[in-house]
Amino acid sequence: RPAPPPVALSPADRRKAFLLIAVSTTLCTFITFGVSPSLLEIFRQSGASPAFALQLGSARGVLGISARFLDMLLGRRGNPMLSAVMGIALMLISFLTMLVASPSAPLLITFVLLYGFGAGVMTVARALLPLALFSPGEYGLQSARLSLPQNLANAIAPVVFTAILDRAGTGPALFACAALAALSLGFILMLMGLV
């Protein structure tokens, strides 16, 4: 979709904005790349049958794509920062819901709806956040700089998350995700306050 005009910031504020985007998006990348490979195990440990776990895992991908389609429909009316807040908040709510409620089929469906849609929205927002703050000419450089920590998170997250899941179980793994999502949301809110 067409890029929104970048926000005018002082050089110091631009550095702060870049760091806030980098930390927030890296945390979200860590969450999504950690959770996604282990979704079936999370569902299994939460009492889902293998067939139901597979259905839930498949639905997550469809929800992510539908979130991107919604963003495409919004076009220029969308706001990457508001999208990021919404996406991270939905993921955070999904983790908290799993932590406080007793495992059941409706709970797992609710989790997949919230997490899948939130992760899809955040995928779009992660790509568009640099365009909201930097000119199209700077977009390539800033995206490349952002990709390094995100790629490291992509590589490390499955190993770390699987280790937590194997050694401590679903509860601690989801608690870690909720804590990281809360941090990421805080950084995006700080970014909104800055601009």
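Would you check if there is a residue in the range 122-131 being within 23 Å of Val100 (Cβ to Cβ) and in a helix (DSSP H, G or I)? Checked against the condition, which is being within 23 Å of Val100 (Cβ to Cβ) and in a helix (DSSP H, G or I), the range 122-131 yields at least one hit. If you go through the range 89-112 and keep only what is of a type in the set (Gly, Ala, Ser), under 15 Å from Phe175 (Cα atoms) and in a helix (DSSP H, G or I), you end up with Ala89, Ser94.
For (1) open to solvent by less than 60 Å² (accessible area, probe 1.4 Å); (2) closer than 22 Å to Gly87 by Cβ, each residue gets a yes or a no:
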| position | (1), (2) |
| --- | --- |
| Cys28 | yes, yes |
| Ser38 | yes, yes |
| Ala53 | yes, no |
| Val62 | no, yes |
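Scanning the range 141-176 for residues that are assigned to a helix (DSSP H, G or I), open to solvent by less than 50 Å² (accessible area, probe 1.4 Å), over 30 Å from Arg14 (Cβ atoms) and in contact (Cβ under 8 Å) with a residue 60 or more places away in the chain gives Pro158, Phe161, Leu165, Thr170, Gly171, Ala173, Leu174.
Could you tell me whether any residue of the range 174-191 is of a type in the set (Ser, Thr, Tyr) and in contact with a Cys (Cβ under 6 Å, 6 or more places away or on another chain)?
Scanning the range 174-191, I find at least one residue that is of a type in the set (Ser, Thr, Tyr) and in contact with a Cys (Cβ under 6 Å, 6 or more places away or on another chain), so the answer is yes.
The values are calculated or read from the model by the stated rules, or taken from the named source; none is laboratory data. Being a predicted model, the structure only gives us computed values, none of them experimental. Glycine gets a Cβ as well: all are built from the backbone with ideal geometry, and neighbour counts include every protein chain shown. The accessibility values were calculated without ligands, DNA or RNA, using every heavy atom of the protein model including side chains. Shrake-Rupley method; radii C 1.70, N 1.55, O 1.52, S 1.80 Å.
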